[in-house]
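Structure first, commentary second.
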Amino acid sequence: MEGHRKLDALLINPGSRLQIYQSLGSELAGIEPPIWCGLIATFLRRRGISVVILDANAEGLTPEEAARRVVEADPLLAAVISYGHNPSASTQVMPYASALCTALKELAPQIPRVMAGGHVAALPERTLREEAVDAVCTGEGPVTLFELAQALKTGQPDYSEVRGLCYRDNDGGIRLTPPAPLVTNLDEEMPELAWDLLPMDRYKAHNWHCFGHLDRRKPYGSIYTTLGCPYHCTFCCIQAPFKTGEAALGMAPTVNSYRLWSPKTVVDQIEKLVTTYGVYNVKFADELFVLNARHIHGVCDAIIERGLKVNIWAYARVDSVRDDATIAKLQRAGVNWLCFGIESASARVRDDARKGFSQDQLFKVIERVRAAGIRVIANYIFGLPEDDLQTMQETLDTALALNCEFANFYCAMAYPGSQLYQTATDQAWPLPEHWSGYSQHAADTLPLPTKHIAGADVLRFRDQAFQAYFHNPKYLEMIECTFGQETVNHIREMASHKLVRKHL
């Protein structure tokens, strides 16, 4: 068409819910808006780059279908954004991302293909060698993708001038450019997701988030109020995409990457979700929302002042919930759920993973939060390096004693970008054969062995613990009293799903 301006960048959110979650993927699992796709789209548009988002995960597209959609759009740049709402989600979508790039290369090799995300930033050179891509981002992505799009628009791109890029030179050698800086002025540079580019009717809250009103899982929105994390737990890979950006800003790579949006910007975005899209269920996807008291109170006060009615959940640490006034403020603002990373009931296991709090502190904090009317979802990890069958049983016993409104039971995985991954590779511990094996619910899941037991024993214990928790009469009685019989029936249906486990 005469006068037609070619699309600059197409951002693709990869993922296959059925591969990652098996039978849980069709109805029970949530469908998350791709936050990083939305933020990067805003960052690019504010700099004059035309952009479209293809949420292949939400639309349920096969890699081949997604590739055909990319070809139809004919962008200057196709960027596969392999981020997730938790660190593991980046690695577990890599099989889909890989198949998508392969299909796209076969259909339209002239369209440059680039990958970004936590997994990619952790293993840039390996990703470039193994995947059908022209380049990968070594950092968080926005600055690199902008500079890459700008370079492509010249018609004679020089990849060596694009910061934060890993690419092949003309001789086939791998080159890394200087790191790109982190985005620091969040309010100005990417104040919100590009919601208008997303299929908002497809996103669905997690089932437990809607206990008591399971018919209201849609519409749904997820946002960050902060980026990065000041902690360095050995099993977590959240720092992977931020380390090189810290170096570009003159910061030591071990300095935390923690940045904040202003409360006004955060609540402006929540208000748009409520008034424009009818959203009630909101997730604060921050690695740790309950941390900075001034930020917490600022966000909560603004929600309360504007009279926004929302059902929010957010992450907290046992040692970050410090006073009852903050807990009360969270509840008034609509933070109805807090997710705590309890991980293990064994002090020896926690200390080895740099997760420090006392058992007494744990019970007191959970009791205070629930007394204020906030529900608790507790995360537990079986198979950390110091775990054995006795310490894992202690963790399960603690979970049953706390009897929180929901619980996630995970196996320890050496996610690329974590200290645990480096240790596992150094020590030649057995790791999953494929990236899909890093998904907690996939058929080929392979947890790490501990110093005392095999990975298969950890996996078997985890699956048994899940059944023990959600069939516990004490738990089901509490759920019925709190949410009603419909929610009990829903939990029974959820617990009836048996996961295929190849390594058992």
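The values are calculated or read from the model by the stated rules, or taken from the named source; none is laboratory data. As the structure is a prediction and not an experimental result, all values here were calculated from the model. Cβ sites come from the backbone with ideal geometry, for glycine too, and all protein chains shown count toward neighbours.
Being surrounded by fewer than 20 Cβ atoms within 10 Å (Cβ to Cβ) and in a helix (DSSP H, G or I) is the requirement here; does Thr423 meet it?
Criteria met by Thr423.
Pairs, please: C-beta under 9 Å, at least 6 apart or cross-chain, first residue in a helix (DSSP H, G or I) and in region 432-458, second crowded, with 22+ Cβ neighbours inside 10 Å and of a type in the set (Asp, Glu)?
Between residues of region 432-458 that are in a helix (DSSP H, G or I) and residues that are crowded, with 22+ Cβ neighbours inside 10 Å and of a type in the set (Asp, Glu), the close pairs are Val458/Asp387.
Return the only residue of Ile327, Ile342, Ile303, Ile312 being within 22 Å of the chain's Cα centre (by Cα) and either part of a helix (DSSP H, G or I) or farther than 13 Å from Val290 by Cα (or both). First the steps, then the outcome.
Details: Ile327 fails: within 22 Å of the chain's Cα centre (by Cα); Ile303 fails: within 22 Å of the chain's Cα centre (by Cα); Ile312 fails: either part of a helix (DSSP H, G or I) or farther than 13 Å from Val290 by Cα (or both).
One residue alone meets the criteria, Ile342.
Would you pick out the residues in region 102-123 that are under 18 Å from Leu148 (Cβ atoms) and either buried (at least 23 other Cβ atoms within 10 Å of the Cβ) or among the small types (Gly, Ala, Ser) (or both)?
Leu104, Ala108, Arg113, Val114, Met115, Ala116, Gly117, Val120, Ala121
For region 51-74, check the following and say yes or no: at least one residue is hydrophobic (A, V, I, L, M, F, W, C), touching an Asp or Glu at 6+ places or on another chain (Cβ under 9 Å), assigned to a strand (DSSP E or B) and crowded, with 20+ Cβ neighbours inside 10 Å.
Yes, the conditions are met somewhere in region 51-74.
Going residue by residue through region 150-161, is there one that turns out to be assigned by TED's automatic domain parsing to the domain that holds Glu287, over 21 Å from Ala89 (Cα atoms) and surrounded by 19 or more Cβ atoms within 10 Å (Cβ to Cβ)?
Scanning region 150-161, I find no residue that is assigned by TED's automatic domain parsing to the domain that holds Glu287, over 21 Å from Ala89 (Cα atoms) and surrounded by 19 or more Cβ atoms within 10 Å (Cβ to Cβ), so the answer is no.
Which residues, taken from region 459-484, are in contact with a Leu (Cβ under 7 Å, 6 or more places away or on another chain) and part of a loop (DSSP other than H, G, I, E, B)?
If the condition is that a residue be in contact with a Leu (Cβ under 7 Å, 6 or more places away or on another chain) and part of a loop (DSSP other than H, G, I, E, B), then Asn472 is the only one that fits.
For the list (1) assigned to a helix (DSSP H, G or I); (2) touching a residue at least 40 places away in the same chain (Cβ under 8 Å); (3) not polar (S, T, N, Q), I need the number of the one condition that Asp319 fails.
(1)
Based on this model, can you work out whether His209 counts as of a type outside the set (D, E, K, R), touching a residue at least 24 places away in the same chain (Cβ under 8 Å) and assigned by TED's automatic domain parsing to the domain that holds Phe284? Break it down into steps so the answer makes sense when it comes.
Values: of a type outside the set (D, E, K, R): yes; touching a residue at least 24 places away in the same chain (Cβ under 8 Å): yes; assigned by TED's automatic domain parsing to the domain that holds Phe284: yes.
Judged against the criteria, His209 is a match.
Name the residue that is surrounded by the fewest Cβ atoms within 10 Å (Cβ to Cβ), counting only residues in region 437-463 that are among the basic types (Lys, Arg) and out of contact with any Phe, Trp or Tyr (no Cβ under 7 Å at 6 or more places or on another chain).
As a first pass, look at region 437-463 and keep what is among the basic types (Lys, Arg): 451, 460, 462.
Applying the additional criterion that residues be out of contact with any Phe, Trp or Tyr (no Cβ under 7 Å at 6 or more places or on another chain) yields 451, 460.
Details: Lys451: 10, Arg460: 17.
Looking at the filtered set, the residue picked out is Lys451.
Restricting to region 61-93, name every residue that is touching a strand residue (DSSP E or B) at 6+ places or on another chain (Cβ under 8 Å), modelled with pLDDT under 95 and closer than 18 Å to Val136 by Cβ.
Ser82, Tyr83 - these are the residues of region 61-93 that are touching a strand residue (DSSP E or B) at 6+ places or on another chain (Cβ under 8 Å), modelled with pLDDT under 95 and closer than 18 Å to Val136 by Cβ.
Whether any residue in region 368-380 is part of a helix (DSSP H, G or I), surrounded by fewer than 16 Cβ atoms within 10 Å (Cβ to Cβ) and not β-branched (Val, Ile, Thr) is what I want to check.
So in region 368-380, the residues part of a helix (DSSP H, G or I) come out as 368-371.
Going one step further and asking which of them are surrounded by fewer than 16 Cβ atoms within 10 Å (Cβ to Cβ), we end up with 368, 371.
From what is left, the residues that are not β-branched (Val, Ile, Thr) are 368, 371.
There is at least one residue in region 368-380 that is part of a helix (DSSP H, G or I), surrounded by fewer than 16 Cβ atoms within 10 Å (Cβ to Cβ) and not β-branched (Val, Ile, Thr).
Restricting attention to region 107-148, report how many residues are more than 21 Å from Met190 (Cα to Cα) and either polar (S, T, N, Q) or part of a helix (DSSP H, G or I) (or both).
Total meeting the criteria: 12.
So for region 162-169 (the condition being part of a helix (DSSP H, G or I) and either in the same structural domain as Ile35 (by TED's automatic domain parsing) or buried (at least 24 other Cβ atoms within 10 Å of the Cβ) (or both)), does at least one residue qualify?
Checked region 162-169: no residue is part of a helix (DSSP H, G or I) and either in the same structural domain as Ile35 (by TED's automatic domain parsing) or buried (at least 24 other Cβ atoms within 10 Å of the Cβ) (or both).
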